Structure formats: structure tokens, C-alpha cells
């Protein structure tokens, strides 16, 4: 059973890989046209070659039935692969392609963040790739007067996004700006998208200088992230290389 599972896994991997390569090479084709192309390439043509070189004589009914059966089987397999890729696209589009740490609800200090039940629910919808019902509100709280600003939010995201958001390239930064605009808001005002690039640059410089080390530690504790030391070491190495 284990060996069969490995064979099927390898087959699925190769199928997805080949389909993605074809998709990249024929990006101008629609899904329907690309599907027809694949059916001809991997179904009609091989079956036709088989009938041409086979020494066995088949009746017209047998040949027709073979084409119908193999085409139907291949079409269903292709549909499953397309469905998989479409679901991946939908998943990524919900969170702008970012992947998040899995947090534990009971460990989150909602008082520190000023989160209400809706904020917590939408936070977990975010990290699980689900559409938001409403934006997560970033509030000023008695414990941390700096929480209601964009740099606090950037530090927060830096800790929950896998791989962090420090010193990203242009495309990921654009995705980050869209993520922030779509999923977060301040208590008394909307986040201004035009200020995000400059705020991000200032945040990176301040982070590199160690200005947010205490805030990072407090946020990690409030999120219930037990391996804060790993994040500290990661950023220490990253900043030294910058």
C-alpha cells in the first residue's frame, strides 16, 4: 500500500509539473483550448499511433469505444488537475500569496492587541487562507500606546508571515500593501495605501537598527509564539548580512 501511494504521488507530481510547464509555455491559451491540446497530445495521438502499429485487427466499434473511453478517462483526470490548480490560485488570491504561522486561539492575548471576537475570528480566517468577513482593527491599547500605527502592524505581520516581510522585493511588497489595505484597518481611520511604501522603508531601517526588538518580543509573547528565540536568531543573522 505504501509503495502504491509513492507511485501515485510521483505520478501526481509529474502531472502537475508537466501541466504547469505547458501552462507557462502556452500562457496565451485559454483553459479550454489548452485542455483540448493536452487531450490530443496525450490521448488521441498516442491511441492513434497504437492502432496504426498494432498487429491486432480491431473493429470500428472497438476503435470508437476505445477513443471514447480513453478520452473520457483522460478528461476526468485533467479536470481533477485543473481543479487542483484553480483551488491553489483561489487560496493564494485570498491572502495575496502569503503563508502564515498557525496560531493557537487560547494563547493570544486579546487585551494586548485590543482585539474583540470579530478581530480574532478574522485573524484566523486570514492565517487559514479564508476570505475576510470584515477587516481586523488595529487599536491603541493601554499596554502599548504604539500599537495603533502602521509600523506596529508591520512588526505584527513580520512575526506571523512565514519567512517574514523584512527587506522584500518589489512584487512581494506590492502584495503586502494590498494585503494590508484589504485585511486591516485602524480604529478611527482607514490605512492610507499611499503611505505604505515609505512606512515600510522606515520600518525596515528601524528594525535593522534594533528599534523594534522590545515590541517584537512583546508581540511574540502576546501571540503565544513559544519559539521567539528562533525569530531573534533569524533576524540577528539576517540583519548582520544586510
> From the list 196, 157, which one is closer than 19 Å to residue 220 by Cα, at pLDDT 90 or above and in the same structural domain as residue 224 (by TED's automatic domain parsing)?
Replying inline: 157
> What do you reckon, is residue 182 out of contact with any strand residue (DSSP E or B) (no Cβ under 7 Å at 6 or more places or on another chain) and closer than 17 Å to residue 137 by Cα?
Replying inline: yes
> Residues of segment 165-181 being free of Cβ contacts under 8 Å to residues at least 24 places away in the same chain and surrounded by fewer than 15 Cβ atoms within 10 Å (Cβ to Cβ), which ones?
Replying inline: 169, 170, 171, 174
> Between residues in segment 35-53 that are more than 24 Å from residue 83 (Cα to Cα) and residues that are in a helix (DSSP H, G or I), which pairs lie under 7 Å by C-beta distance while being six or more apart or on different chains?
Replying inline: 47/66; 47/67; 47/70; 51/63
>> Can you pull out every residue in segment 116-133 that is modelled with pLDDT of 90 or more, part of a loop (DSSP other than H, G, I, E, B) and over 16 Å from residue 188 (Cβ atoms)?
In response: none
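Table: residues versus (1) modelled with pLDDT of 85 or more; (2) out of contact with any strand residue (DSSP E or B) (no Cβ under 6 Å at 6 or more places or on another chain); (3) not in a helix (DSSP H, G or I).
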site: 28; (1), (2), (3): no, yes, yes
site: 34; (1), (2), (3): no, yes, no
site: 41; (1), (2), (3): no, yes, no
site: 45; (1), (2), (3): yes, yes, no
site: 50; (1), (2), (3): yes, yes, no
site: 64; (1), (2), (3): yes, yes, no
site: 69; (1), (2), (3): yes, yes, no
site: 76; (1), (2), (3): yes, yes, no
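The values are calculated or read from the model by the stated rules, or taken from the named source; none is laboratory data. These numbers come from a predicted model, not from an experiment. Positions of Cβ are backbone-derived with ideal geometry, glycine not excepted, and every protein chain shown enters the neighbour counts.
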